[in-house]
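Step one of this worksheet: look at the structure below.
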Amino acid sequence: MRVLLTLIFFFTIGIHTAKACKCQGVNDVQTEFEGTEVIVHGKVLSKSIVSYASTLSTEKLNAIREKYKSDSQKLAFLESESIIKVELEIIESYKGNGLKNNITVYTSKTGASCGFLGFKVDEDFLIYLSQKSQMEFMFAKVSNGTKDSSGLWTNHCTRTKGFDKSEHEKLYKLKNG
């Protein structure tokens with residue numbers, strides 16, 4: 001049923017507002033290092049599908065629900081299970097302050113929405129992360145200073161990938177100056 005609601009949403013409103021993923025090309029390691037908020041080497045502990053609503057802080061979710069209370073299509077999208085949630089054990093942090101041993105990472109569950117679909121439980125990855133949700137374009141008019149998400153976001157337009165020793169060495173050098 002949720003899949004049907006999502007399809008109806010994209011066919012009715014999404015034709016005008018949804019954007020197919022278009023990457024500008026992946027930058028080299030140094031450029032990505034300079035332009036990315038958080039970069040980690042981590043091991044996937046778990047992976048699940050969740051709603052976009054579950055990724056938001058309570059304040060942000062309440063603000064969105066209030067703003068779009070008469071827009072049933074956007075509210076349906078908000079509640080549809082369209083996000084991959086990954087619990088990650090940090091093995092090494094190359095960039096980013098105040099990270100805990102385990103973090104939550106989100107990405108869209110479709111490649112058309114730029115989701116990174118390669119996460120596998122018990123495997124290691126180099127992950128380039130942002131605090132900004134890639135789904136924010138749907139609800140960008142609701143900002144009012146609230147924190148967007150309870151986790152970090154990645155997508156396949158970044159250098160996120162399975163662990164690569166050569167790239168790890170480059171990131172380690174960049175981290176340590």
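Values in this text are rule-based calculations from the coordinates and carry no lab data. Being a predicted model, the structure only gives us computed values, none of them experimental. For neighbour counting, all protein chains shown are included, and Cβ atoms are generated from backbone atoms with ideal geometry for every residue, glycine included.
Per 5 Å bin from zero, what fraction in whole % of the C-alpha pairs of segment 48-177 is there, up to the bin with the longest pair?
2, 10, 19, 22, 18, 13, 8, 5, 2, 1, 0
Would you mind working out the magnitude of the charge dipole of segment 50-103 relative to its Cα centre, with +1 at each Lys and Arg C-beta and -1 at each Asp and Glu C-beta, to the nearest 20 Debye?
220 debye
Sorting check: for 109-117, 154-162, which peptide has the highest mean count of neighbouring beta carbons within 10 Å, and how do the rest follow?
154-162, 109-117
Sum up the charges of everything whose Cβ sits under 12 Å from the Cβ of D164, counting Lys and Arg as +1 and Asp and Glu as -1, but leave D164 out.
Within the 12 Å Cβ shell, the charges total +1.
What does the charge count near I103 come to, summing +1 for each Lys or Arg and -1 for each Asp or Glu among other residues with Cβ under 14 Å from its Cβ?
Summing Lys and Arg as +1 and Asp and Glu as -1 gives +1.
Pull up the cross-link candidates among the aspartates and glutamates for K43, meaning alpha carbon to alpha carbon under 20 Å and not fewer than 8 places away within one chain.
Filter leaves E87, E89, E92, D122, E123, D124, D164, E167, E169.
Using the Karplus curve 6.51 cos²θ - 1.76 cosθ + 1.60 with θ = phi - 60°, work out ³J(HN,Hα) for each residue of segment 23-31 in order, rounded to whole Hz, and write x for Gly and Pro.
7, 7, x, 8, 6, 5, 4, 5, 5
Could you order peptides 89-100, 53-64 by the average number of other Cβ atoms within 10 Å of their residues, highest first?
53-64, 89-100
For the charge dipole of segment 15-88, defined by +1 on Lys and Arg C-beta atoms and -1 on Asp and Glu C-beta atoms about the Cα centroid, which residue among S54, Q24, S70 has the Cα displaced farthest towards the positive pole?
Of S54, Q24, S70, it is S70.
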